[in-house]
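The values are calculated or read from the model by the stated rules, or taken from the named source; none is laboratory data. Every value quoted in this text rests on a predicted model; they were computed, and no experiment measured them. Note that each Cβ is placed from the backbone with ideal geometry, even for glycine, and that neighbours are counted across all protein chains shown.
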Amino acid sequence: MSGLSETERVGFKMILSSMTEADLLSLSDTVTNKMIVVENMTEAMETILSFSKNAEELLRRRKVHRDLIFRYLAKEGVMMPPSSEKHQLVRRTLELWSSVTVDETKQHQPETSDSNDINSKVGFDPLTLGQQFCQWFFQILNSQNPSLSQQPQEWGPQHFWPDVKLRLLSRATTEQMEEFLGAELVSLRLLALTSAERLLFSPNLDLNGLRALASPHGLVLVGVAGTIHREQTCLGIFEQIFGLIRSPLNENSWKIKFVNLKIRGQDAIGGTDLAAPALNYNSSELQLLCS
């Protein structure tokens with residue numbers, strides 16, 4: 001009997017499908033001690049999933065190369081420093097799966113073709129909504145970056161309210177403030193960060209990097225911190241606050257009402273640890289944005 005959860009099985013199918021046929025068949029032999037002969041890649045994959053004791057053991061197998069895990073995390077919107085070692089990628093993957101599995105135990109979430117649908121079965125827990133929203137948002141934004149060499153996901157003004165406002169504060173050697181109003185302009189400016197400037201956003205979705213709260217009027221505030229990368233280099237950290245309002249036409253769909261994005265380059269940070277930056281906004285400061 002497999003010791004893998006449904007979330008882990010889905011994740012492993014994505015990772016294993018990127019392997020060469022020779023590596024996959026070899027891995028099947030290793031996992032089963034050559035007791036089961038498989039005819040093709042599909043059988044090999046099912047056999048590996050069925051006979052693996054747990055997710056960590058399978059991730060640590062020699063044939064599950066570091067690059068496969070790195071690319072899987074990137075596709076899931078989890079950007080790790082390119083210099084990360086395999087054991088760090090394994091740990092981050094297990095954290096990702098366990099956070100999803102916790103939600104599954106409350107209630108299984110069916111897949112939806114429209115990523116912008118934050119499933120209403122979440123019940124109304126702002127933090128769960130915040131985590132799901134951030135995973136969705138940064139996954140599609142990062143997918144626009146040509147250096148990832150992946151198919152860009154659907155991005156555009158449809159994810160924003162028509163009167164959305166973006167405030168972008170960047171601080172490196174000098175400080176620069178930009179403001180944009182309207183779904184088209186806000187969408188294009190955010191898109192330029194990844195498609196033209198080739199930035200990659202790695203949000204810290206742990207409790208010290210993410211906060212969320214709901215106002216009585218239906219506005220949900222989500223604050224998240226993380227690191228920004230370009231190719232092999234970590235450029236600095238960011239803090240981003242989203243204001244979300246549920247679409248009246250679709251109960252499951254939330255659109256972005258405003259975005260405050262603060263970017264600080266390495267020079268402006270000093271000796272700050274960049275591993276998993278914490279969000280500096282506290283709940284009372286977020287509350288002020290609700291009013």
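Tabulated values for the structure
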{"item": "In region 143-181, the residues that are loosely packed, with under 15 Cβ neighbours inside 10 Å and basic (Lys, Arg)", "result": "Arg167"}
{"item": "Neighbours by Cβ (under 7 Å, 6+ apart or cross-chain): first from region 84-99, on the phi < 0 side of the Ramachandran plot; second outside any helix (DSSP H, G or I) and surrounded by fewer than 16 Cβ atoms within 10 Å (Cβ to Cβ)", "result": "Val90/Arg60"}
{"item": "Which numbered condition Gly270 fails, given (1) modelled with pLDDT of 75 or more; (2) surrounded by fewer than 14 Cβ atoms within 10 Å (Cβ to Cβ); (3) at positive phi", "result": "(1)"}
{"item": "Residue that is under 28 Å from the mean Cα position of the chain (by Cα), of a type outside the set (A, V, I, L, M) and in a helix (DSSP H, G or I), where the choices are Glu8, Glu43", "result": "Glu8"}
{"item": "Which numbered condition Leu235 fails, given (1) in contact (Cβ under 8 Å) with a residue 40 or more places away in the chain; (2) surrounded by 13 or more Cβ atoms within 10 Å (Cβ to Cβ)", "result": "(1)"}
{"item": "Failed item, numbered, when Thr101 is tested on (1) of a type in the set (Val, Ile, Thr); (2) at pLDDT 90 or above; (3) within 17 Å of the chain's Cα centre (by Cα)", "result": "(2)"}
{"item": "Odd one out for Ser17, checked against (1) over 21 Å from Pro152 (Cα atoms); (2) at pLDDT 85 or above", "result": "(1)"}
{"item": "Leading residue by the ranking (modelled with the lowest pLDDT) among those in region 151-175 that are more than 12 Å from Leu261 (Cα to Cα) and part of a strand (DSSP E or B)", "result": "Glu175"}
{"item": "Filter result for Arg91 (surrounded by fewer than 17 Cβ atoms within 10 Å (Cβ to Cβ) and over 23 Å from the mean Cα position of the chain (by Cα))", "result": "no"}
{"item": "Candidate set from region 191-218 (those that are of a type in the set (Ser, Thr, Tyr) and part of a helix (DSSP H, G or I)); member that is farthest from Ser98 (Cα to Cα)", "result": "Ser195"}
{"item": "Condition met for Glu184 (of a type in the set (Asp, Glu), surrounded by 12 or more Cβ atoms within 10 Å (Cβ to Cβ) and assigned to a helix (DSSP H, G or I))", "result": "yes"}
{"item": "Which listed residue is in contact with a Lys or Arg (Cβ under 8 Å, 6 or more places away or on another chain) and modelled with pLDDT of 90 or more, from Leu191, Leu200, Leu219", "result": "Leu200"}
